Structure formats: structure tokens, C-alpha cells
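Peer 1: Quick one: structure below, then a few questions.
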Amino acid sequence: AARSRSRPPDKSLAHCWSRPTDKMSSPTAVAGTGAKRLSKSLSSMFKKDENMSPSGRNRKGGAPSPTRAPVSASGGYTPKTPLTVLSKTLQDRPNFQKLRTAATLGFESQEDKERLLGQQQRSKIAFWRILTITAVLSSSLSFAIDQATFVMGLYREQFTTITHEKGLIAITIGNVIVVLVARLIVRTTMECEGSGFPEMKAMLFGHILDNYLNVRVLLVKATGLAMVVGAGLPVGKEGPNCHMAACIARSLDPDFIRKRAMSASGQGQITKLLLAACAVGVGASFSAPIGGVIFSLELMLPQIYDFTSYWGCFAAGILGSLTYEILRTWFAGATGLLPLMSTNVLPGEGATTMYPVARMILDILLGAVCGFLGGMWVKCHAKVAKAFKDWRMQGSMGGAPAPAPPKEGREPLLGGEEKQSFMDKIVSCSICKTVYNFQWRDLALCAMVTVVNTIWAAYLPLLNGKPQPLLLSNLFDKTLLHTSDEWAIPFLGVFGTILLCAVMKWCTTIMALSLSMPTGVVAPTMIIGGLIGRCFVLLLPTALKDMLMALPDGSPVTPDMEGAFYARFAIVGAAAFCAAVCRAFAMAITVFEVLALPNAVLPLCSATLTAIFVANKVELPFFDKNLAGRGLGGIPALTFTDHAEAPAFSIMKKIDVTKDCLTFKTRLFDMHEILKTHPNEDYFAVIRPLDDGEAVLVGSMSRSAIDKLISMIDPDGSKPETAVDLMDPELQRPSDGGDPLVDGCPPHVTPSTTVKEVYLVMKVAHGENIIYVTRDGCLLGSITFSSLMSHKI
């Protein structure tokens, strides 16, 4: 619009408008008049009141002026009301430039065709080069983090015991210091907080978020993750690994991302890179490339698959897992680094039974229990996270109102006196302010969670601050019950001890994931699921267990067979509970791929599917609950609820064709009036009215296009009665090759089109921010991309 105001109007547009008066102005005269003051925009049509603020409110007080629309910072009448930073970014999704003229298609000659094909080939080569390097570097970084945290875990385990009081105090203080330092580091870059999966999913549904994928985020997140996991907090690293892989991909070639962020085909390549990053992150974390690929494909539902996405994810997952295994093999002799999951159960051991149907029913029942508990765990986490945030921001767990703002120059959460003290003078320098002015409640939460986790684990010998790979291997160990004298609390017994461990992990994991730190959810929820599986099998009647373990040949059941029988329920419980929390069937595939137990396929699949089905009835998935809390409820609605199958007319915004649209032959005054009366609308339908009160959709105009057209025709606002024919070909396909002001073929769907299909239309169109709903060509309503993404569930 700025460029159009700085150049004389195209005289080829002169025949598009006229004055609907008795003395009709000629096209030449109108064009000559429009060339006088082209630098003025739509706002020049109405004189500005000196007493009015940019927002339209009287500076002297009072209500906004009824004759003035709100003005944005750029000068256009486009006020915005963002939901959150993330949803605001999605609402501002760019509208990609479309190829509309033969001269820009690039196929007017064979040479141009070969040139474009060559560009596509070079783009593919760059894509695979970035993908390969990302897989190697990401898996190497994941190994380095695992190496550091595993060594720290082994050292921490020696002192996290109630029998070594001095060592316990020392290790508790050490853990607190490490976590506090990690929080201070992460606080410098808020994009490092959390898992990273919600942001990745939001980028798959919207567009790239550059501030989430830079080198600073990569370094801070890797450092914070290593310190938090090393301090013993029950957090995983799968989500952060995916986020860091995406950061590496973007940092390897920023121009590759930047040049493709504003094109249709380029957005598809960026999406494929993000999917491959997810496959690398999960594949390297578990050494399970197949599970990583399935997880990344589940993450992108309900979007479009293609050949490159499929094979790109597989290539990245396999290469990343291979690199991780090579590094682990080289250093295994020195550190004994365990994979995230391991078991000593042999194939077929503990799985042979004469009653397979009864065994299957128990697996399904365990899946139902894990599904219900997984949904409740997500509910509990949402409430605790909100309580932590309210206390951190408002100063009260009960949600009491925030204290009155203190005097200027003091930290808002600390308060202060009006008179400046000696300490105030000391901290007045910029360096001291950085150290002194911090949110102490944030650090207090981190310290509290660390102390509770360390002390509570010290009273439970089964946990004792063990690193997560070692703890999972113990839960999947067939000899665990045989060594119960070493970890069982005498007055609780075996079942009571395992149940208390499950409660402890349930609570501390929720609290740890509620902190503003780099955290993952997969590994800690697998530990909770393994403990639930152990509790479930211990609750079964002894007669039922003997019946299921009985061998067909009548031979006695060995202790190893009995231990394997118990361990298999822990394995199934771990997969089912984690799948219920994340709502990802890939967890069952990952567990089977890593443990390689042939007889576990059917129990894992049946229990996981049951858990997902039950959890869907209880609560949203963990990551989608996070998105819904940020005002992006449309993403989980499209993925995990029945709203995706709802008809388009159920979510559309109804349009009054007499007030909300432009007629195909309209006046400049009408254009200004529709901008003033609809300050929050960015697109306006162009209609042809019918005699029965309905109107046929014939086009669409954006707010900026209307502003530009008025500025070109009547920059000084002296001829508001000038008539314009919006169906003129010059407005839809300018002869000078410029951007069209009127979209003569706006995308539209029928009222019965499902919400998911509406989203796919927007996704395939790469930039269509509005879809109109029509019946037999008559306009009914509209659906915008921002309203679809922020749709409440």
C-alpha cells in the first residue's frame, strides 16, 4: 500500500470508477484528480481530531469517537486482539504471493521450464544435506547430554539415601544449586521453557517461529536440560531433543528457511524438516527409528503426507539412531551408559499360558486403568501448573489479587519503601540490578521441588535418586521381586513400597513439569506406568496368577518365569500410561522396537489402544492441553476430538450481506464505512445481490486492498461518491503485473464440509487465511484461519 501511494495511479484503472451524479466525471478527469496527492491514505478522507489518541479514545477522557475507527501502528485500520504470543503469531500467518500472470509462471519457454526444474533440484539437494547434518549433530548432542546426566546420576545415587545423612544433605544442597543455576540460565531465553512439542506442533499447523529456532535457544536449552536431568528431577529429554534438532536444522542454513517461509512449496519443505527433526529426537532418545517416525507422523495429523515426508523421517531417524549407537558403543566401556529402556526378560519367558484370552483381558484391563489414570494425571498437571503460575505471578497459591505496584525502580514482586535505602543505592548500577532484581518466587518453587524430590527419593530405596535408564531397567527386571529385601520398606511390604514409589513419582513429576524449565514427559511417565503395572499384577489373586503361569506340559514354574510374568505387566503398563498421557500409539511401537520381545506385540498394542480410547474420554493429551491453554484450542480440536467432523456452518461466522459485504458496484464512501464499522475484519466479501435477499459471492478484498484502492482513486478524500466496478478485470489482474486488489475466485466450501476439510483446504492453498461458506453460490458465512486455530473445545 505504501508503494502504491508513492507512485501515480495507473490510468488503465480509470474506467473502473465513475461519479454517480448528474454531472458524471470522465475517467480521465478522475484519474487526473487522483494524481494530485497520492501520498495520502484512507485516513486523509476524514480530518483527525487533535484531542484523539491513536486508539480512537478522547485524550481528555470519555468514550471513543463514533466517527473514527481504531488505527494500528502502521497507519491502517487493522486493530488486533492477540490471544497469546503464540496464537498471535499464528494469526499473522503470511499470505503467500500467488502466481497469476503468464509472465510469472516461468513456463513461457523451455529454457524457463528447465531453469525452474533446476531450482527445484537444487532445493532438494539442500534439503537432504540439511537433513543429514541435522541427524548427525542432533544425535551427537543427545548422546553428550545422556553421557553427562548418567554419570551425574550414578554419583547422585550413592548419596541419596537416608542411611548417609551428611551425604544426603550435601547432595540435596548440590541439586538445589544446580537447578537454581539452570533456572537463571533458562530465564534469559523464555523460548527454552517446556517440552518444545507444543511449539513444534503449532509450527506444523501454522508457520515457522524464528524466535524458537535460533542458536541461542539451542545452547540454553541443552545446558538447562543437562543440569535439570543431572540434578535428579523427574523430567525427560525427548521433547527438548526434538526442539533442539529443529534449532540445528534452522541454524545450519538460515537462508534456506527464510527464503522458503514465504512461498507455498517452501513451507512444505520446512514442514518436512520439522517432521524429520521430531523423528531424530525420538529416535535418538530411544534408539528406535521406527517409533520416532511413527511419532512424528502422528504429531502432524490431520495434515498431508507425501513421499519426501515419509522417507525423510525414516532417513533422519535411522541415521540419528545409528550415530547415537556408534557413540554409545565407543564410550560404553568407560561409563556403562544404558539405553533408556532395557530388560533381561527372554523372548517367550513369562508369556506362555494355557489361557491366552484371559491374559488378553487382563492386558486390556490394565490399559483401561492406565488410560483413566493418564487422563487424570494430565488434569492434575494442568491444575498444579496453573497454581504454580498464579503463585509465581500474583504471590498467592489461592489466587489472591496481586499487590499494588511498588514505587518505580523496585522489583514488582519484592515491593519496597518509598524512601531509597542504602541497599537501593548499591543495586542502582546496571550490573547489580541484573543480579538483585529477580523473581524469587520462581526460584523458590524450583528449590522446593528439588528438595522434595531428593528427600522423598532417599526414603525409598527402590528409587534412591537413580538415573531414569537404570530405574526403568530395574522395573523391567525379572529378578526385582527376588531382591525385595534390599528395597522393600518392612512395615509397607512389597506392594506398599511400589505403591508409595508410584505416588511419589506421580506427584514429583507433575511438580517438576510445572516448572519453567526444559522438560520432557515421555521417560518419567513411562516410569509411573511401570510402577502402575507392577501394582496391578500384585493385586491379582494368587490363584489367577498361578492359572495364567501354568505351563501346558505341567512342569513347575521357575522363579525366572514368575519374575518375567510380573515384568511383562510393568512393560505393558509403561507403554500404556505414556501413550495415555501423550496420546501417541508410537509409544507401543517404540517399547517393542527397543526391547525386542516377540510375544509382547499383542499385549502392548491392545493395552495401548485401550488406554488411548479411555484417556480421550477423560482429558486432552498433555501437549494439546498446553496448546488449548494458550488459546490454540483448534489444534487439539482438529486432532483428538469429534469437532474435526463437525460441519463448517457450525463454526462459521455468519455474514449479513446487507451490512458486512461490498457490492460489486460500490462507492468509495461505502468502502470507508465498511472499514470503520468492521475494525476487526481483515477480509470482506464482494457480492452480487439477488431479489430474494440473498447474494452471490463474486469476489473478496482485503482491508489493505480497499485502503490502497481508495488512496489511488481519491487520495484527498474529496470525492467519496465516486463509484467503482470491483468486477473490472484490471482490478483482478492488473496489466502492469502488480498484485490484484480483488480476488475474483475466493476459496469457498459448502455448509456440509467438515472442519477438518476446511483446514486442509487452507493448508493445501498455502496462505488462504479465509474460507467462505456458500450454498448454491450464495454467501452464508466465513471461517478465518485464526478463528479455526483458536476455536474453543
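The values are calculated or read from the model by the stated rules, or taken from the named source; none is laboratory data. As the structure is a computational prediction, the values presented were derived from the model and not from experiment. Positions of Cβ are backbone-derived with ideal geometry, glycine not excepted, and every protein chain shown enters the neighbour counts. Calculation scope for accessible area: heavy atoms of the full protein, side chains included, ligands and nucleic acids excluded. Shrake-Rupley method; radii C 1.70, N 1.55, O 1.52, S 1.80 Å.
Peer 1: Here's a check for you: in the stretch 700-714, which residue that is hydrophobic (A, V, I, L, M, F, W, C), in a helix (DSSP H, G or I) and in contact with a Phe, Trp or Tyr (Cβ under 8 Å, 6 or more places away or on another chain) is surrounded by the fewest Cβ atoms within 10 Å (Cβ to Cβ)? Please lay out each step first, then the result.
Peer 2: Residues of the stretch 700-714 hydrophobic (A, V, I, L, M, F, W, C): 701, 705-706, 709-710, 712-713.
Subset that is in a helix (DSSP H, G or I): 705-706, 709-710, 712-713.
After this cut, where a residue has to be in contact with a Phe, Trp or Tyr (Cβ under 8 Å, 6 or more places away or on another chain) as well, the list is 706, 713.
On the way: Ile706: 26, Ile713: 21.
Ranking the candidates gives Ile713 first.
Peer 1: Right, something else. Looking only at residues that are open to solvent by 50 Å² or more (accessible area, probe 1.4 Å) and in a helix (DSSP H, G or I) in the stretch 348-366, which one is nearest to Ile130 (Cα to Cα)?
Peer 2: Residues of the stretch 348-366 open to solvent by 50 Å² or more (accessible area, probe 1.4 Å): 352, 354-357, 361, 364-365.
Imposing the further condition that a residue be in a helix (DSSP H, G or I) reduces the set to 356-357, 361, 364-365.
Details: Pro356: 49, Val357: 49, Ile361: 47, Ile364: 43, Leu365: 45 Å.
So, considering only residues that are open to solvent by 50 Å² or more (accessible area, probe 1.4 Å) and in a helix (DSSP H, G or I), the one nearest to Ile130 (Cα to Cα) is Ile364.
Peer 1: So, of the residues in the stretch 613-624 that are surrounded by fewer than 24 Cβ atoms within 10 Å (Cβ to Cβ) and of a type outside the set (Phe, Trp, Tyr), which turns out to be farthest from the chain's Cα centre (by Cα)?
Peer 2: Only one residue tops the list, namely Val614.
Peer 1: Identify all residues within the stretch 115-162 that are assigned to a helix (DSSP H, G or I) and among the hydroxyl-bearing types (Ser, Thr, Tyr); write none if there are none.
Peer 2: Here is the first cut: in the stretch 115-162, the residues assigned to a helix (DSSP H, G or I) are 115-159.
Answer for the stretch 115-162, where residues must be assigned to a helix (DSSP H, G or I) and among the hydroxyl-bearing types (Ser, Thr, Tyr): Ser123, Thr132, Thr134, Ser138, Ser139, Ser140, Ser142, Thr149, Tyr155.
Peer 1: Looking only at the stretch 199-250, filter to residues that are acidic (Asp, Glu) and farther than 24 Å from Pro469 by Cα; which one of those is most open to solvent (accessible area, probe 1.4 Å)? Show your work before the answer.
Peer 2: Within the stretch 199-250, the subset acidic (Asp, Glu) is 199, 210, 238.
If we keep only those that are farther than 24 Å from Pro469 by Cα too, we end up with 199, 210.
On the way: Glu199: 8, Asp210: 76 Å².
Among residues in the stretch 199-250 that are acidic (Asp, Glu) and farther than 24 Å from Pro469 by Cα, the one most open to solvent (accessible area, probe 1.4 Å) is Asp210.
Peer 1: Another question, if that's okay. Can you give me the number of residues within the stretch 680-699 that are open to solvent by 30 Å² or more (accessible area, probe 1.4 Å) and touching a helix residue (DSSP H, G or I) at 6+ places or on another chain (Cβ under 9 Å)?
Peer 2: Total meeting the criteria: 3.
Peer 1: Can I ask one more? Looking at (1) part of a helix (DSSP H, G or I); (2) farther than 30 Å from Pro198 by Cβ; (3) not hydroxyl-bearing (Ser, Thr, Tyr), which is the only condition Leu531 fails?
Peer 2: Unmet condition: (2).
Peer 1: Give the stretch 540-568 a look and list any residue that's in a helix (DSSP H, G or I), of a type in the set (Gly, Ala, Ser) and in contact (Cβ under 8 Å) with a residue 12 or more places away in the chain, or say none.
Peer 2: Here is the first cut: in the stretch 540-568, the residues in a helix (DSSP H, G or I) are 542-549, 559-568.
With of a type in the set (Gly, Ala, Ser) added as a condition, the list becomes 543, 563-564, 567.
Result: Gly563, Ala564, Ala567.
Peer 1: Could you check, for the stretch 699-709, whether at least one of its residues is more than 38 Å from the chain's Cα centre (by Cα) and touching a residue at least 60 places away in the same chain (Cβ under 8 Å)?
Peer 2: Within the stretch 699-709 (the criterion being more than 38 Å from the chain's Cα centre (by Cα) and touching a residue at least 60 places away in the same chain (Cβ under 8 Å)), the answer is no, since none of the residues qualifies.
Peer 1: Mind checking whether some residue in the stretch 731-742 is within 16 Å of Ile687 (Cβ to Cβ) and not hydrophobic (A, V, I, L, M, F, W, C)?
Peer 2: The first filter runs over the stretch 731-742 and keeps only residues within 16 Å of Ile687 (Cβ to Cβ), leaving 731-732, 742.
Now drop any that are not not hydrophobic (A, V, I, L, M, F, W, C), which leaves 732.
So far as the stretch 731-742 goes, yes, one or more of its residues are within 16 Å of Ile687 (Cβ to Cβ) and not hydrophobic (A, V, I, L, M, F, W, C).
Peer 1: Only residues that are open to solvent by 30 Å² or more (accessible area, probe 1.4 Å) and within 24 Å of the chain's Cα centre (by Cα): list them for the stretch 718-762, please.
Peer 2: Correct list: Lys756, Glu757, Leu760, Val761.
Peer 1: Select from the stretch 463-487 the residues that are aromatic (Phe, Trp, Tyr) and touching a residue at least 60 places away in the same chain (Cβ under 8 Å) and list them in ascending order.
Peer 2: Kept after step one, since they are aromatic (Phe, Trp, Tyr), are these residues of the stretch 463-487: 476, 487.
Phe476 - this is the single residue of the stretch 463-487 that is aromatic (Phe, Trp, Tyr) and touching a residue at least 60 places away in the same chain (Cβ under 8 Å).
Peer 1: Can you tell me which of Leu168, Leu180, Leu184 is assigned to a helix (DSSP H, G or I), more than 22 Å from the chain's Cα centre (by Cα) and modelled with pLDDT under 90?
Peer 2: Working: Leu180 fails: modelled with pLDDT under 90; Leu184 fails: modelled with pLDDT under 90.
Among Leu168, Leu180, Leu184, only Leu168 is assigned to a helix (DSSP H, G or I), more than 22 Å from the chain's Cα centre (by Cα) and modelled with pLDDT under 90.
Peer 1: For the stretch 283-308, enumerate the residues that are among the hydrophobic types (A, V, I, L, M, F, W, C) and at pLDDT 80 or above.
Peer 2: Of all residues in the stretch 283-308, those among the hydrophobic types (A, V, I, L, M, F, W, C) come to 284, 286, 288, 290, 293-295, 297, 299-301, 304, 307.
Answer for the stretch 283-308, where residues must be among the hydrophobic types (A, V, I, L, M, F, W, C) and at pLDDT 80 or above: Ala288, Ile290, Val293, Ile294, Phe295.
Peer 1: Please specify each residue of the stretch 487-510 satisfying the condition of being of a type in the set (A, V, I, L, M, F, W, C), assigned to a helix (DSSP H, G or I) and open to solvent by 20 Å² or more (accessible area, probe 1.4 Å). Can you show your working first?
Peer 2: Our first condition is that a residue be of a type in the set (A, V, I, L, M, F, W, C); within the stretch 487-510, this holds for 487-489, 491-492, 494-495, 498-504, 506-507, 510.
Filter once more, so that each one left must be assigned to a helix (DSSP H, G or I): 487, 494-495, 498-504, 506-507, 510.
If the condition is that a residue be of a type in the set (A, V, I, L, M, F, W, C), assigned to a helix (DSSP H, G or I) and open to solvent by 20 Å² or more (accessible area, probe 1.4 Å), then Val494, Phe495, Leu499, Leu500, Val503, Trp506, Cys507 are the ones that fit.
Peer 1: In addition: Assigned to a helix (DSSP H, G or I) and either open to solvent by 40 Å² or more (accessible area, probe 1.4 Å) or of a type in the set (Lys, Arg) (or both), is that true of Val537?
Peer 2: Taking the combined requirement at face value, the residue does not satisfy it.
Residues checked against (1) part of a helix (DSSP H, G or I); (2) surrounded by 13 or more Cβ atoms within 10 Å (Cβ to Cβ); (3) touching a Lys or Arg at 6+ places or on another chain (Cβ under 9 Å); (4) at pLDDT below 75:
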position	(1), (2), (3), (4)
Tyr310	yes, yes, no, no
Ala316	yes, yes, no, no
Ser321	yes, yes, no, no
Trp330	yes, no, no, no
Gly333	yes, no, no, yes
Thr343	no, yes, yes, no
Leu346	no, yes, yes, no
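Peer 1: A follow-up question, please. Within the stretch 721-736, is there a residue that is more than 24 Å from Met203 (Cα to Cα) and among the β-branched types (Val, Ile, Thr)? Don't jump to the end; show me each part of the working.
Peer 2: Step one: of the stretch 721-736, the residues more than 24 Å from Met203 (Cα to Cα) are 721-736.
From what is left, the residues that are among the β-branched types (Val, Ile, Thr) are 722, 724.
Yes.
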